[in-house]
Amino acid sequence: MKEDKIKRAIEQRQKDLEDNQKRMIDNVMDREFRKINIDRVLSTNSKGEDILIVDEDKIKEKVADHFQNCAGTISIDKELPEDWKKEYNSGTHTHIPSFAYDKVLEKISIEEILEAAKELPQGKASLTRDKQLRFPACGYMDDTSFLTNNKLDMERILKIADSFYTLNDIKINKKKSALLIRFKEKKKLKNEINLQFGNEEIGIQPIQHNGSERFLGVWINMYNKSQHIQQQVKNEVMSINKAFTTKKGLTDKMMIYLFNYLIIPIVEYRTQLTVMDGKVLERLMSPFRKILKNKLKMACTAPNAILETNYIYNLNSFTNNQLQAKITNFILQINDKGILGNIMDIRLTSTQNLLLLENNPLYSIDNTTSHVIKKFYKESFTMRNILLMKENNFDLETDNTIIERFKVEGGPTTVRSIISKDTYVNNFKFLQNNNIRYIDQIISLSKRYLLTIKELEDRKYIRLNLKGKLSANINNYEQIREELTISPHTYKLKEYIVKQIDGVDKVENLRGVEIIPVIANTRKDVPIVIELNTGGSLQAVFGRTRKVLPGGLLIAMHMIPITTIEDKDLILEKCQGCNITTWLDVPEAMFSNQERSRIPCIIMTDAKNASTFSRNKWQNGINHYNILGNEKIIFPGISGQIIQENFIYDRILKQQPYLYKSTYSKIHEMIPKDEISVLNNILSQFLKTGNYQPMTNRMQLCKNRLTTTRGRTLKIYIDGSVKFNKTENIEAIFGLMIYDEDNKLLDTIMSTVEDWITVNKTEALAFLAALLIIPENKEVTIYTDSQTNYDNFMAIKQQPHRNNLRDILKFGTSNHIWAIIKNIISHQNLDVKVVKIKAHAEDALHNILDKEIKERYADIQGVNKLEVIPTCAEYRYVLRWNGTIVETNIRRFIRLVTRTKGLEKFLNLNRNDKYRMLEIDWHVTFDYLNVNEEFETYFKTNAHSSKQKRMKVQRLIEEMPTIEQMKKSSYDLYYDLLCQCCNKKEETFDHVWTCRSNRKYMKNLITETIDKLIDLLIQNGVDAKKIIKEDLIDLPMFQRAKDTNEFCFIDMIKGIFPLSLSRIILFFIGVSKEKLARMIGIEILNFIFTKVNSSVWKRRCEAMKQTEKSLGISKMDKKKTDSIFTKEKEKELQSKRYLGNYPLFEGLISVKEHILFGKEILGFMGCGV
């Protein structure tokens, strides 16, 4: 009796998967049934007597009245506290206009209610009958947060909040408050913290550094870590694993459904603000895969690929779902036109500055930057989203407007493009602290020398400490020096680096060098550079100031270097006399004889011709650290070459100011006057322009003609067609014919189409082309036979404010084209009406266009392509995959990519080696695996169909429980057993079918299979006389039992169906009957499956049971872990491991073929690598 009850419950649960999924989920997950049943109410009558109400209608009325009035009446006059009077004083907030509150207390009109109701989503408002609106006086407040940086400020804020709650009769539970604290160093918070919350003191236990708190639907961690999210995901997996372990009768479809439709959405919700590493997601997913294989009675060695390819078990993975959800949502976020879009722009700008990028991070993040992110910003949501895209070959179509807006002046050669990845990452903090993006920020103005740390300290963009030195994160700078220079003494750049930047990075300013003229610092003994003009050439010499006279005359001691000018430790000594001395011009009274004898060589010149060595060093003169003795002076880490270069370039830029360009301003190129009219045109806004864009020029001529055409009305007929669809010869043309009000043909435009070629795309491009050529002074009617065109246009036209990018991306195909169309409709003053006509009907003008398009295929090479600029104001960041625009629903496309990856992963298994080189009808194979009962649907399931599928999959992956297979998990029990039928050879998968004892059965099975095929052909209308049995017998798959390179009958036992056999079936029944041919193929494979079970496998299993019984092997023994022959097991299994010889499916070529030619994924895979 109990067993019957359990059996009925299991059958009901399986049936609920098809009829009542909610009940099935509640049953499996042991969810409590929470419901309050109010069948009686105790109340008081008008006399004050207690009465018991049991009538259902009266109970409902009484309960509703209670909840509407339980808060009581609080609309009474109150005395405002002094602290709040100024807040409610109209003169306090002068930024609020006086009329802002004029209509706040006015009654809402019925027209306003109706207008608001129209804006509600469908199904959310009903206006078919009058409704009474009741507003309860009981409200609830949740999720209020206060942010501050210390306890005193927090208590001050809480005091204000408590005062506000009291003023407005808001009741809150202060004990439910949560406190998150962030310290510079993570601390374990043990004790409660007491906070003064208004008039009450509350004790709060702070959330630990690795904990989180839920706020507005997301979980927040103060250190921006994701461990708490990982733990939540782990808990969800544990909960479903526990449910599966305790429940009986769970089928494959039930378990997959529960994970895909219950766990995956929960995890997606929990990880809204978290992008997890792929390895972490795989680790979280692993326990569920293990329990799923166990419940399906699969070996733990079964490849994960069979679970995650949608053609077999279709288990969604955390990794794939994250890719789909995050990229889709990220594209919507960065393209948002409201507050969210502005926030994302701010985040992108912040990311650009943090990562030292020269432009928008969506375009600029490369492999080197990705390593920086993984090391320093692995928890950044924006950065991880961009990395997720890059790692999966997704990027964005560039937009020149965005590039110009985010561009950082300078360079253009970046530091990360010159030095190695490891060196860049090691020096990143140093570069970031000093905002160093471009290589010209750390090299000399002549682009020949690397700057030392001391020389960098003189640049204005360098961040110095209180002592005026660069000390933070400089330890790895030597790595940059080793990579870029040829000498540690001169820091001279390697030749190939000079060639790389020479002529590219122009010297347009001093790159942060500030030249301090001597006139600004007249102190004695300051090291200076002096300009001398000898023989018409500019020369810079070194010196030390002696005096600066009131008239601006400089008298300086000439100094000469005793090291080479390039050396990074410049040493100067007094010049003992040279041809530039000017002692004779110095008045005798100005210096004593002793001073004259101590200064052999002196220079007298205008103070404007000299400047100090540095803007922040030696401003008070030479200090004792620089003096070597014998009046020699050393400047550690400073090169005379760099000092002279800075001085000379300053003079050049001052003498030729037209070469100068500020680092801190953006100089936009002026638009030539003869191009202004073209650039302001709508065509140049949405179409590519230039000498090699004949279609754009053709469109411009057409628009000019229509603008000057007499009459106010125009008719435009549009159409598109595709030839040789799903082949490499696919072609597409769309066309327009424009007529005046008298049906006189004014112009004809034809264009070809590439990528994502579908009829819908050709029609959408034709519609776009029509809108682009419409003059603003005309009334235009567009005639189309595309229902999609008509529906999309009406959706945009009738509710333009409701159809945002999220809606446009759901249009199915050609999304970026429809975004442009919406942009035109919303912003251009066009008078357009669209008329849907029936295709190939009696509309003569449309038939003429259709005929014209078909005739153009004969000379398609002479038809130009309309080049559309993919980006527009509605869709600024257009998603691309492998350089091709994603023109379909983004999430569906990413799902296609992930599913194809799963299929490639399955086909690339070593056990599928030869099938990558052979032509397989994978449609038949996978349909055979998934249809195990008559009238089986996606949600229809039972234990029998689940078992049938498991056995088929085991054969497909060669993991039936043969002795060699069982050795992998129970080597101790089976290590010395041989085939139980012949007792001579090891029982491998192939041996089961080639065993000497089974040859007769196999031969009969091949004959019966051929007879079955002939019977099926005859049943489907094929003349028996046309079928020659001998020809079928000669087919390779019916000739050989085993072959490692060609088809054999074992392949059909596994469920692999040869494409050649499908073609033979199509030859007999007709090439157009592909669906029928697949059904015949499935019946053949099912026939083989059934016959093999009864004639071969069943006998083998009976023999195996007898052997296990004689050896005393029980089920419990099989579950034990191997402990005796572990080394022998590992050695034997390693020696028998098969490694594939044939090429792999890589790069998702099938998806590329799908984009280019519209080919089916399975159709491409079936043709081999």
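The values are calculated or read from the model by the stated rules, or taken from the named source; none is laboratory data. Worth saying up front: this structure is predicted, and the values here are computed from it rather than measured. Please note: Cβ atoms are built from the backbone with ideal geometry, for glycine as well, and neighbour counts cover all protein chains shown. We work out accessible area using only protein heavy atoms, side chains counted, and drop any ligands, DNA or RNA first. Shrake-Rupley method; radii C 1.70, N 1.55, O 1.52, S 1.80 Å.
Determine the gain in length on full extension of the stretch residue 729-residue 787; use 0.36 nm per residue of separation and subtract their C-alpha separation, reporting nm with one decimal.
Net length gain for the segment: 18.2 nm.
Given the protein chains as shown and a 1.4 Å probe, how many square angstrom of residue 838 are accessible, to the nearest 10?
That residue has around 150 Å² of solvent-accessible surface.
Give me the extension gain from residue 467 to residue 547: residue separation times 0.36 nm, minus the current Cα-Cα distance, reported in nm with one decimal.
Full extension from residue 467 to residue 547 adds 26.0 nm.
Can you tell me which aspartates and glutamates have their Cα less than 16 Å from the Cα of residue 1120? Leave out same-chain residues fewer than eight positions away.
List returned: 972, 1108.
So if I place +1 on the C-beta of Lys and Arg and -1 on the C-beta of Asp and Glu, and nothing else carries charge, what would the dipole magnitude of the chain be about its Cα centre? I want it in debye, nearest 20.
Its charge dipole is roughly 3720 debye.
What FRET efficiency comes out for residue 828 versus residue 748 if R0 is 35 angstrom and r is the Cβ-Cβ distance? Round to the nearest 0.05.
0.90
Would you calculate, for the chain, the mean residue ellipticity at 222 nm contributed by helices, counting each DSSP H stretch of 4 or more residues as -39,500 (n - 2.57) and dividing by all residues, to the nearest 500?
Calculated from helices alone, the mean residue ellipticity at 222 nm is -12500 deg cm²/dmol.
Where nothing but the Cβ of Lys and Arg (+1) and of Asp and Glu (-1) is charged, how large is the charge dipole of the range 411-507 around its Cα centre, in debye to the nearest 20?
260 debye
Looking only at the range 1048-1069, which residues have a backbone nitrogen under 18 Å from a spot 7 Å from the Cα of residue 1033 in the C-beta direction?
1049
How long is the gain from residue 181 to residue 1024 if the chain were fully straight, where each residue apart is worth 0.36 nm and the alpha carbon distance is subtracted?
The span from residue 181 to residue 1024 would gain 295.1 nm if fully extended.
Heavy-atom accessible area of residue 866 with all protein chains present, probe 1.4 Å, nearest 10 Å²?
10 Å²
Can you find, among 461, 426, 415, the residue sitting farthest towards the positive end of the charge dipole of the range 411-507, where Lys and Arg contribute +1 and Asp and Glu -1 at Cβ?
Checked the options; the winner is 461.
Starting from the range 688-760, pick out the chymotrypsin sites (Phe, Trp or Tyr not before Pro) whose DSSP state is loop and whose Cβ has at most 15 other Cβ atoms within 10 Å.
For chymotrypsin sites (Phe, Trp or Tyr not before Pro) across the range 688-760 that sit outside H, G, I, E and B with at most 15 neighbouring Cβ atoms in 10 Å, the list reads 692, 724.
What dipole magnitude, in Debye to the nearest 20, does the range 137-206 give about its Cα centre under +1 on Lys/Arg Cβ and -1 on Asp/Glu Cβ?
480 debye
Leaving out ligands, DNA and RNA, what percent of the accessible area of the chain is carbon and sulfur, probe 1.4 Å?
The value for the chain is 51 percent carbon and sulfur by accessible area.
Obtain the nm distance between the two label points defined at residue 777 and residue 982 by a simple spin-label model: each point lies 7 Å from its Cα along the Cα-to-C-beta direction.
Using points 7 Å along Cα→Cβ, the separation is 9.3 nm.
Percent relative contact order of the chain, based on C-alpha pairs within less than 8 angstrom and at least six residues apart?
9 percent.
For 698, 34, 880, 405, give the ranking by accessible area with the largest first, probe 1.4 Å.
The ordering from most to least exposed comes out as 34, 405, 698, 880.
Could you sort 33, 215, 197 by their accessible area in this structure, using a 1.4 Å probe and putting the largest first?
Result, largest first: 33, 215, 197.
In the neighborhood of residue 827, defined by Cβ-to-Cβ distances under 13 Å, what is the net charge if each Lys or Arg adds +1 and each Asp or Glu adds -1?
Once positives and negatives cancel, what remains is 0.
Which whole-number value in Å² is the accessible area per residue of the chain, probe 1.4 Å?
For the chain, the per-residue accessible area is 55 Å².
Could you work out how far apart the two model spin labels at residue 990 and residue 381 are, taking each label as a point 7 Å from the Cα in the direction of the beta carbon, and quote it in nm?
Rounded to a tenth, the inter-label distance reads 5.5 nm.
Please give the solvent-accessible surface of residue 471 in Å², to the nearest 10, using a probe radius of 1.4 Å with every protein chain present.
70 Å²
Take the cross-link list 7/967; 248/326; 715/854; 247/374; 952/1115; 22/901 and give me the ones stretching past 30 Å between alpha-carbons.
7/967; 248/326; 247/374; 22/901
For the full complex of protein chains and a 1.4 angstrom probe, list 710, 40, 651 by accessible area with the highest value first.
Sorted descending by solvent-accessible area, the residues read 710, 40, 651.
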